[in-house]
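Chemist: Just dropping this structure here.
A short reminder: the numbers here are calculations on the coordinates, not readings from a lab. Note that the coordinates shown come from a computational prediction; the quantities given were computed from them, not determined experimentally. Here the Cβ positions follow ideal geometry from the backbone for every residue, glycine too, while neighbour counts run over all protein chains shown.
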Amino acid sequence: MVSRGSSLPRVGKVVLVDVGLPYAVYLALSRLGVSPVLALVVAGGVSLVRVAVGYVAERTVSALSVLVLVRFGLGVLLGLLSGDARVVLIKDSLVTASVGLAALVSLFLARPLTYYIRRDFNGDRNAGEESWTHSTEFRRTNRVTTGAWTAGLLAESAARIGVAFWTPLDIATLACPAIGACSILVLIAWTQWYGHAARPTVDAELAAVRS
C-alpha cells in the first residue's frame, strides 16, 4: 500500500488541478456573465492546457492525455448540441461508463482489461505473459480487480449523473469532478493494496514452475 506521506501530495495535486482550478475558472466566468455552458467548456479546457504543457515537457502523449482530450472534445460537442450546462457536466460520466462497460466485457474475454493496463505500465510484456500463464493467483487477481473497477466506475458514473441533474448547478459543478477524483483515488489505492497482498502467492507459484 502507498504510504500516507507519499500519497497526500498526490491527492492534493489531483484535487487542486482536476477539481479546484476548473471550478475556480467556472465561478470566475459565471460571475462575469458568461453563460453556464461556455463557462463549463472553458473550465474543462484547463485540463487541455495541462496536457499541452505535459507534451511540451516530455514530448510524449500518454493514455491519460488521450482520455483528457476525449473528455474535453465531448464536453464541447455536448455543449454545442444541447445548450444545457448540466448535460456538459455529465460528459465525464459518459466516458467513465464507457470504460466501465469495456472492463465488464473484458471479463468474458480471454484476458481482462487490467491485465493489459498492468502489462503496459510494467513495460515487461514477457513477465506479464509468464505470470498469466503459470500463476492461478495472478489470473484471479486480475479478474477480481477488473470486476471491482467495473462496479466502481459504473457506480461513480450513476452518482455523478444524479448529482448533475438533481442539485443546484454551482454545487453540481464542484461535486461532479470531486466524486470522480475521489472514486479513482480510492480504486487505485485498493488496487495497489490488493495487488501487493497477492504478490507473495504469485511469486511462490512462479518459483515453483521455474524450479
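Chemist: Can you give the local net charge around residue 110? Use residues other than it whose beta-carbon is closer than 14 angstrom to its beta-carbon, Lys and Arg +1, Asp and Glu -1. Kindly include the intermediate steps, with their values, before the conclusion.
Modeler: Working: positive: 111, 119, 139, 143; negative: 129.
Spelling it out: positives minus negatives among the neighbours equals +3.
Chemist: To continue, here is another question. Using a simple spin-label model with points 7 Å from Cα along the Cα→Cβ vector, what separation in nm is obtained for residue 144 and residue 107?
Modeler: The answer from the label model is 1.4 nm.
Chemist: Listing 111, 140, 31 from the residue with the fewest other Cβ atoms within 10 Å to the one with the most, what is the order?
Modeler: Numbers: 111 16, 140 13, 31 9.
With the sparsest Cβ surroundings first, the list reads 31, 140, 111.
Chemist: Sticking with this structure for a sec: Sorting 196, 134 on the 10 Å Cβ count, fewest up front, what's the list? Before the final figure, lay out each step's value.
Modeler: Details: 196 11, 134 15.
Exposure proxy ranking, most exposed first: 196, 134.
Chemist: Determine, from the Cβ-Cβ distance of residue 190 and residue 32 and an R0 of 41 Å, the FRET efficiency 1/(1 + (r/R0)^6), rounded to the nearest 0.05.
Modeler: Working: r = 41 Å, r/R0 = 1.00.
So the FRET efficiency works out to roughly 0.50.
Chemist: Which ordering of 35, 211 is given by a fewest-first count of other beta-carbon atoms within 10 Å? Walk me through the numbers on the way to the answer.
Modeler: Working: 35 13, 211 5.
Neighbour counts put them in this order, fewest first: 211, 35.
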